[in-house]
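Enquirer: Okay, handing you the structure first.
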Amino acid sequence: MARICEISGKSVMVGYNVSHAHNKTKKKSFPNLHTIRIVNEDGTRIKIKVAASTIRTLKKKRK
């Protein structure tokens with residue numbers, strides 16, 4: 001399964017580790033994904049993968 005936030009669309013970022021001698025090696029930065037359960041209007045539960053930053057934003061907007 002893909003490492004993508006299902007709400008915000010955040011995905012893996014690609015970059016370089018750069019040493020003092022300016023040698024470059026590829027690296028990946030993964031989003032901080034959590035699996036949460038959401039209850040629909042009809043009472044069914046679904047599981048989705050959401051980034052932690054998105055969860056914090058949703059909690060802030062809910063107030």
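The values are calculated or read from the model by the stated rules, or taken from the named source; none is laboratory data. Because the structure is predicted, anything quoted here is derived from the model rather than measured. As a convention, Cβ positions derive from the backbone with ideal geometry for all residues, glycine included, and neighbour counts pool all protein chains shown. Accessible surface is based on the protein model in full, side chains and every heavy atom, while ligands, DNA and RNA are left aside. Shrake-Rupley method; radii C 1.70, N 1.55, O 1.52, S 1.80 Å.
Enquirer: For the structure I just gave you, tell me whether V50 is surrounded by fewer than 10 Cβ atoms within 10 Å (Cβ to Cβ), among the β-branched types (V, I, T) and either at pLDDT below 95 or in contact with a Cys (Cβ under 9 Å, 6 or more places away or on another chain) (or both).
Expert: Against the criterion (surrounded by fewer than 10 Cβ atoms within 10 Å (Cβ to Cβ), among the β-branched types (V, I, T) and either at pLDDT below 95 or in contact with a Cys (Cβ under 9 Å, 6 or more places away or on another chain) (or both)), V50 does not qualify.
Enquirer: If you don't mind, another one. Within the stretch 1-28, track down each residue that is among the hydroxyl-bearing types (S, T, Y) and in contact with a strand residue (DSSP E or B) (Cβ under 9 Å, 6 or more places away or on another chain).
Expert: S8, Y16, S19, T25
Enquirer: Test L58 against the stated conditions and say whether it is in contact with a strand residue (DSSP E or B) (Cβ under 6 Å, 6 or more places away or on another chain) and surrounded by 12 or more Cβ atoms within 10 Å (Cβ to Cβ).
Expert: So L58 fails the test.
Enquirer: On the given criteria, is G15 small (G, A, S), over 10 Å from the mean Cα position of the chain (by Cα) and modelled with pLDDT under 95?
Expert: Here the answer is no, as G15 does not meet what is asked.
Enquirer: Something else now. Of everything in the stretch 17-28, what is in contact with a Phe, Trp or Tyr (Cβ under 9 Å, 6 or more places away or on another chain) and either open to solvent by less than 100 Å² (accessible area, probe 1.4 Å) or among the polar types (S, T, N, Q) (or both)? Give them in sequence order.
Expert: Across the stretch 17-28, the qualifying residues are T25, K27.
Enquirer: If I filter the stretch 29-41 down to residues being open to solvent by 100 Å² or more (accessible area, probe 1.4 Å) and in contact with a strand residue (DSSP E or B) (Cβ under 9 Å, 6 or more places away or on another chain), which single residue comes out as nearest to I7 (Cα to Cα)?
Expert: Applying the filter and picking the extreme gives R37.
Enquirer: Go through the chain and tell me which strands (runs of 3 or more DSSP E), entirely inside it, have 3 or more residues that are of a type in the set (A, V, I, L, M, F, W, C).
Expert: Values: elements: 13-18, 24-29, 33-39, 45-51.
It comes to 13-18, 33-39, 45-51.
Enquirer: Consider T44 carefully, then state whether it is of a type in the set (S, T, Y), surrounded by 11 or more Cβ atoms within 10 Å (Cβ to Cβ) and over 10 Å from the mean Cα position of the chain (by Cα). Show your work before the answer.
Expert: On the way: of a type in the set (S, T, Y): yes; surrounded by 11 or more Cβ atoms within 10 Å (Cβ to Cβ): no; over 10 Å from the mean Cα position of the chain (by Cα): yes.
The answer is no for T44.
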